[in-house]
1. For B:Gly14, all conditions in the list (1) free of Cβ contacts under 8 Å to residues at least 40 places away in the same chain; (2) at positive phi hold save one; what is the number of the exception?
2. In this structure, is B:Val105 part of a strand (DSSP E or B) and within 13 Å of another protein chain (Cβ to nearest Cβ)?
3. If a residue has to be more than 7 Å from chain A (Cβ to nearest Cβ) and surrounded by fewer than 20 Cβ atoms within 10 Å (Cβ to Cβ) to count, how many in segment B:19-30 make the cut?
4. Select from segment B:117-145 the residues that are open to solvent by 70 Å² or more (accessible area, probe 1.4 Å) and at the interface with chain A (Cβ under 7 Å from one of its Cβ atoms) and list them in ascending order.
5. Cβ-Cβ under 8 Å, sequence separation 6+ or interchain: first residue in segment B:84-109 and acidic (Asp, Glu), partner open to solvent by less than 10 Å² (accessible area, probe 1.4 Å) and in a helix (DSSP H, G or I). Which pairs?
6. Condition first: surrounded by 23 or more Cβ atoms within 10 Å (Cβ to Cβ) and more than 17 Å from the chain's Cα centre (by Cα). Now tell me which residues in segment B:146-166 satisfy that.
7. Can you name the number of the only condition in (1) within 13 Å of chain B (Cβ to nearest Cβ); (2) in contact with a His (Cβ under 9 Å, 6 or more places away or on another chain); (3) open to solvent by 40 Å² or more (accessible area, probe 1.4 Å) that A:Asn80 fails?
2 protein chains.
Amino acid sequence: MRHVLSALVMNQPGVLAHISGMLASRAFNIESLAVGATETPELSRMTFVVKGDDRVLDQVRKQLEKIITVVKVIDFSNQNFVERDLMLIKVSTDGGQRSAIHELVDIFRARIVDVGPLHVMIEISGQERKIEAFIDIMRPYGIIELVRTGRIALLRSAVSSEDVETEQPRSLEPPPEAMV
Amino acid sequence: MRHVLSALVMNQPGVLAHISGMLASRAFNIESLAVGATETPELSRMTFVVKGDDRVLDQVRKQLEKIITVVKVIDFSNQNFVERDLMLIKVSTDGGQRSAIHELVDIFRARIVDVGPLHVMIEISGQERKIEAFIDIMRPYGIIELVRTGRIALLRSAVSSEDVETEQPRSLEPPPEAMV
């Protein structure tokens with residue numbers, strides 16, 4: 001099963017090496033990983049997507065929490081959360097298809113962030129399946145290159161993820177996100 | 001100096017552990033890291049922001065390229081590139097400030113992705129300084145928690161980053177990105 005894990009860690013050299021080393025030693029392949037600053041300067045939050053056996057992953061989660069620089073690890077699986085991914089994609093406009101591309105950019109609520117005589121660079125965020133659908137629809141025009149952030153996630157709840165791990169999450173209201 | 005490095009790597013367990021281990025052993029602290037899929041299923045692209053001495057970093061870059069699973073490493077410093085960061089942020093609306101928050105969301109071209117009786121979750125993407133400005137402006141309302149992807153970057157050029165590393169990048173046109 002695919003798991004979205006979120007780890008709150010201290011900003012120190014070696015934390016990532018420690019965590020990724022532990023996952024690699026158990027042959028967990030990290031599908032995506034995003035590490036960014038938080039509201040607290042001395043802490044970072046890592047969101048990683050891994051595939052693996054549920055029981056083994058729970059052991060790994062507990063082991064990760066034993067690392068002194070790891071404050072907390074949360075497994076978002078079976079919880080009610082919002083997830084997002086960001087992509088920059090450079091597409092060729094060599095075939096004179098610029099207006100067709102612009103139209104698709106609007107439909108997907110993406111944004112053009114750079115334009116040249118032969119290419120256009122587009123920024124798009126959303127759930128993974130939206131990003132993948134956009135890649136597929138850009139493929140015929142000629143994808144020059146793309147870069148993705150990997151997923152980030154937050155629980156749908158009025159409290160911090162650290163405080164709700166053991167509770168059943170509640171859906172508070174239908175979310176306004178029936179996007180493309 | 002702060003460096004934005006982009007590494008094209010093979011999708012195999014242990015690549016991240018190898019790279020992060022090497023950086024940690026030289027005391028480079030990774031400020032942010034984003035690892036995501038690319039247009040080629042067997043390759044991922046890692047974007048990492050590190051601070052360190054320029055000369056040492058160039059050695060590290062060359063050493064990273066010697067790792068068999070690393071296809072290419074590019075240092076974006078002094079190049080003309082677009083960079084983006086994505087954040088999900090949960091803000092309290094307990095103080096009845098929902099409409100004031102909504103107004104700021106519009107100004108920053110952010111999006112509301114979840115609403116509850118006591119909170120709102122917002123998605124925002126952009127350059128680092130825009131994200132940081134948004135965090136600062138949300139602080140008085142009460143930030144419950146936030147998660148960021150770390151930066152991703154692509155060169156402003158009609159060719160793939162892998163093909164232009166040694167050339168001087170050209171600015172093709174003024175970019176349409178004078179956003180907030």
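The values are calculated or read from the model by the stated rules, or taken from the named source; none is laboratory data. A quick note: this is a predicted structure, and the numbers were derived from the prediction, not measured. Ideal geometry is used to build each Cβ from the backbone, glycine not excepted, and the neighbour counts take in all protein chains shown. Surface areas here come from the heavy atoms of the whole protein model, side chains and all, with no ligands, DNA or RNA. Shrake-Rupley method; radii C 1.70, N 1.55, O 1.52, S 1.80 Å.
1. Of (1) free of Cβ contacts under 8 Å to residues at least 40 places away in the same chain; (2) at positive phi, only one is false for B:Gly14: (1).
2. Details: part of a strand (DSSP E or B): no; within 13 Å of another protein chain (Cβ to nearest Cβ): yes.
No: the conditions fail for B:Val105.
3. Residues in segment B:19-30 being more than 7 Å from chain A (Cβ to nearest Cβ) and surrounded by fewer than 20 Cβ atoms within 10 Å (Cβ to Cβ): 3 in total.
4. We begin by selecting, within segment B:117-145, every residue open to solvent by 70 Å² or more (accessible area, probe 1.4 Å); these are B:117-118, B:129, B:132, B:136, B:139-140.
Within segment B:117-145, B:Pro117, B:Leu118 qualify.
5. Listed pairs, sorted by first residue: B:Asp85/B:Ile131.
6. Within segment B:146-166, B:Ser157 is the sole residue that qualifies.
7. Only one criterion is unmet by A:Asn80, namely (2).
Residue-wise test of (1) under 17 Å from the mean Cα position of the chain (by Cα); (2) more than 13 Å from chain B (Cβ to nearest Cβ); (3) of a type in the set (Val, Ile, Thr).
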position	(1), (2), (3)
A:Ser32	yes, no, no
A:Ser44	yes, no, no
A:Leu57	no, yes, no
A:Ile68	no, yes, yes
A:Lys90	no, no, no
A:Gly96	no, yes, no
